[in-house]
Every structure is written in structure tokens, then in C-alpha cells.
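See structure below.
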Amino acid sequence: MFVQAITLAIGLLPFTLAAREFTNHGTKSGWTTTYIDKNTNGYVEDSTSVSYGGSQSLKFGQEYLGSSYTGRYHAEAIYSNGYKRDEEKYYGFAFRLHSTWEFDPQSYNIAQFGADFSDIKWNGQSCDDFSPTTMVWLNGTKLFTRTKHGQMIQGQKCPPLDNKGDCSQGPNCQVIEPFQLQSATSNIGEIKAGVWYRLVFHVKWKSDNTGIFQAWLNGTQVADRSGLQTTLLDDHREYEFRVGLYANSWYDEKKMIGNQAQRQLWIDEIGVGTTFADADPDEIKKSA
Ligand SMILES: *[C@@H]1O[C@H](CO)[C@@H](O)[C@H](O)[C@H]1NC(C)=O
Ligand SMILES: *[C@@H]1O[C@H](CO)[C@@H](O)[C@H](O)[C@H]1NC(C)=O
């Protein structure tokens with residue numbers, strides 16, 4: 001009787017399948033946490049200087065510190081429930097590079113998914129620490145992304161840490177497939193400084209070849225992949241979803257190309273859910 005009453009009530013709701021599980025209108029509050037590397041000048045701030053919806057947004061910045069600093073350069077906001085393997089979700093946000101952004105041939109990451117795998121060990125050594133799967137980055141004026149497949153399973157051999165992608169040395173390997181976000185029909189993929197862009201992703205996170213990866217930039221489809229592996233075979237652990245500025249090339253390439261040591265960008269109207277509308281910044285700003 002009780003169960004029937006609930007079933008009836010749910011059946012009467014018009015949009016039971018749509019669920020915007022996470023929304024943020026460009027503020028520091030509401031995130032699981034933020035992450036800025038110690039000893040950097042990175043920041044994550046509430047900003048009222050520009051906004052995609054409403055009157056504020058999140059401002060992220062980092063500064064290149066030269067060769068005396070050997071660490072990484074994150075300034076990110078973190079939502080801890082990004083995905084678990086076999087889930088299917090939409091993710092979206094609006095972003096704007098500072099109007100004087102210098103476009104250089106290095107990678108500046110603006111969003112990423114990842115999980116900590118330091119508990120996965122072989123011969124007493126961790127197979128990895130925080131491992132990013134899909135990342136979204138700017139290189140020059142173009143946006144790129146990637147999928148990652150392979151596996152991270154307890155009790156299985158992993159390749160050496162400096163060669164994590166070599167699957168001939170152990171099954172706990174991680175293979176990266178990068179690709180450009182571009183449209184076959186427009187030049188929307190050319191990012192300009194000082195302009196807002198809406199980015200929406202749809203991912204079915206599968207470690208076999210039944211995954212889906214789609215993306216839209218300002219409503220124009222810039223990725224449409226299916227029948228592919230989109231994540232690692234793992235124990236269904238939770239991956240974080242992060243947005244912000246992670247100047248990964250400064251660490252990976254041990255240098256900064258160009259003349260802009262201080263980098264800044266804004267992110268606003270972030271959403272995660274089960275439909276395109278749940279993640280579309282134009283819909284999210286209406287719900288502010
Ligand atoms: C960025 O793109 C340039 C080509 O424009 C390429 O040479 C370089 O390797 C790329 N860097 C990264 C970190 O992807
Ligand atoms: C992307 O969309 C925003 C508003 O939705 C607009 O201000 C911006 O000019 C668009 N960018 C391009 C390159 O069309």
C-alpha cells in the first residue's frame with residue numbers, strides 16, 4: 001500500500017528523470033573544496049568584475065614562479081562526485097579568458113576529472129597518486145580534451161611510475177587518447193580572449209568499448225564519439241570534477257613559453273546532471 005502510493009506519486013511528476021545534481025552560480029561556496037598548490041600565488045576568488053549570469057563569477061589565477069619552484073600550478077574548485085565507472089552524466093560551465101590572455105603553444109587546463117589511486121599498490125609501491133582521466137585544456141587558441149583507458153585494480157602489477165602508459169609492463173596501465181574539440185562546420189573552436197564560452201559535455205563512463213563522449217561549445221557540437229573506452233577499469237570509485245586554472249605545462253615542460261607569467265580566467269554557471277539542460281549554462285543562469 002505504502003509502496004504503491006509512492007510509485008503513483010513519482011509517476012505523476014513530469015520530470016522525474018531529469019536531475020541537476022550540482023549547480024554553482026559562480027561562488028566559492030557549495031564546492032567540496034578548492035585546491036591551490038602550496039607555495040604558489042594561485043587563487044580561487046569570488047569576483048564581481050565579470051559574470052555570465054547574475055552579477056558574479058569565480059576567478060582563478062596562477063603565476064609562473066621560475067625554475068626555483070619545481071611543483072605544480074593548480075587553482076581549482078572541486079566537486080567530489082564527478083562520476084563513477086558505468087555512470088552517464090552531463091557537465092557544463094561557462095568560461096572566459098582574461099582579455100589580455102596571451103595565446104602560447106602550451107597547455108592550460110580548465111577542467112578535469114580524476115581520482116586518487118595511491119591505495120592501489122604493487123610490491124608495496126603505489127601505482128599512482130591523483131590520476132586525471134578526462135582533462136580539458138587550451139593550447140594556443142584551440143581546446144583539447146582526452147579520454148583515458150586501462151585499469152587500476154588492487155593486486156595487479158603496474159608499470160614504473162615514469163612509464164604509466166606502457167601496458168606491456170603490467171595490466172594496471174593508463175592509456176591517454178587526446179583530441180581537439182572542433183566542429184566540422186564552423187570555426188567555433190578558435191578561442192578568443194575576453195569572451196564567454198559555454199561548454200557542455202556528455203560522457204558515458206565505460207572501461208569497455210561502449211562509452212560515449214560528446215561536447216558542445218556555444219551549442220555547436222565539437223565532439224561526437226561513441227563505442228569507445230572513456231575511463232579506467234577500477235573498483236567503481238568516485239572521480240572528482242574540477243574546474244579552474246591548472247597551468248600543467250609549466251610543470252610538465254619545466255618552463256613557461258611566452259611572456260605572460262600571470263594567468264587569469266573566470267568560470268560561471270556550472271552544472272552536473274542527467275540531461276543537456278542540467279549542464280547548460282544558459283539554463284543554469286535562469287535558476288539563479
Ligand atoms: C601545443 O601545441 C603545439 C603546436 O601548436 C605543440 O607543439 C605542443 O606540443 C602542444 N603542447 C602541449 C602541452 O600539448
Ligand atoms: C559564445 O556565446 C556567448 C554567449 O552565449 C557569446 O557572448 C560569445 O560571443 C559566443 N562566442 C562565439 C565565438 O560565438
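The values are calculated or read from the model by the stated rules, or taken from the named source; none is laboratory data. Here the structure is a predicted model, which means the values were calculated and not measured. No Cβ is skipped: glycine too gets one built from the backbone with ideal geometry, and neighbour counts run over all protein chains shown.
Annotations
- Taken residue by residue, the range 143-156 has no member that is within 16 Å of ligand 1 (Cβ to nearest atom), assigned to a loop (DSSP other than H, G, I, E, B) and surrounded by 19 or more Cβ atoms within 10 Å (Cβ to Cβ).
- Selection of strands (runs of 3 or more DSSP E) fully inside the range 41-124 by the criterion of at least 2 residues being under 18 Å from the mean Cα position of the chain (by Cα) and among the aliphatic types (A, V, I, L, M) returns 74-83, 88-97, 107-116.
- Where GLU190 falls short, out of the listed (1) under 18 Å from the mean Cα position of the chain (by Cα); (2) within 19 Å of ASN109 (Cα to Cα); (3) charged (D, E, K, R): (1)
- Inter-residue pairs, beta-carbon under 9 Å, first more than 16 Å from GLU177 (Cα to Cα) and away from ligand 1 (no atom under 16 Å from the Cβ) and in the range 119-139, second assigned to a strand (DSSP E or B) and of a type in the set (Asp, Glu), 6+ apart: ASP128/ASP116; ASP129/ASP116; PHE130/ASP116; PHE130/GLU240
- Candidates ILE110, ILE78 - the one that is β-branched (Val, Ile, Thr), within 16 Å of ligand 1 (Cβ to nearest atom) and modelled with pLDDT of 95 or more: ILE110
- ASP166 of a type in the set (Asp, Glu) and closer than 30 Å to SER57 by Cα: no
- Residue-level check: of (1) among the small types (Gly, Ala, Ser); (2) away from ligand 1 (no atom under 16 Å from the Cβ); (3) under 18 Å from the mean Cα position of the chain (by Cα), ALA247 misses just (2).
- Candidates THR230, THR220, THR274 - the one that is crowded, with 21+ Cβ neighbours inside 10 Å, of a type in the set (S, T, N, Q) and more than 30 Å from LEU65 (Cβ to Cβ): THR230
- So TYR108, is it over 22 Å from TRP216 (Cα atoms) and crowded, with 20+ Cβ neighbours inside 10 Å: no
- Qualifying residue in the range 25-33 (condition: modelled with pLDDT of 95 or more and part of a strand (DSSP E or B)): yes
- Screening the range 182-215 for residues that are within 16 Å of ligand 2 (Cβ to nearest atom) and of a type in the set (Ser, Thr, Tyr) and picking the one that is nearest to GLY92 (Cα to Cα) gives TYR197.
- Inspection of the range 171-182 identifies at least one residue that is assigned to a strand (DSSP E or B) and buried (at least 21 other Cβ atoms within 10 Å of the Cβ).
- Taken over the range 197-207, the criterion of being among the hydrophobic types (A, V, I, L, M, F, W, C), touching an Asp or Glu at 6+ places or on another chain (Cβ under 8 Å) and outside any loop (DSSP other than H, G, I, E, B) is satisfied by VAL200, VAL203.
- Selection within the range 125-150 - within 15 Å of the chain's Cα centre (by Cα) and hydroxyl-bearing (Ser, Thr, Tyr): SER131, THR133, THR134, THR145, THR147
- Residue count, the range 163-188 (criterion: more than 18 Å from ILE120 (Cα to Cα), in contact (Cβ under 8 Å) with a residue 24 or more places away in the chain and hydrophobic (A, V, I, L, M, F, W, C)): 4
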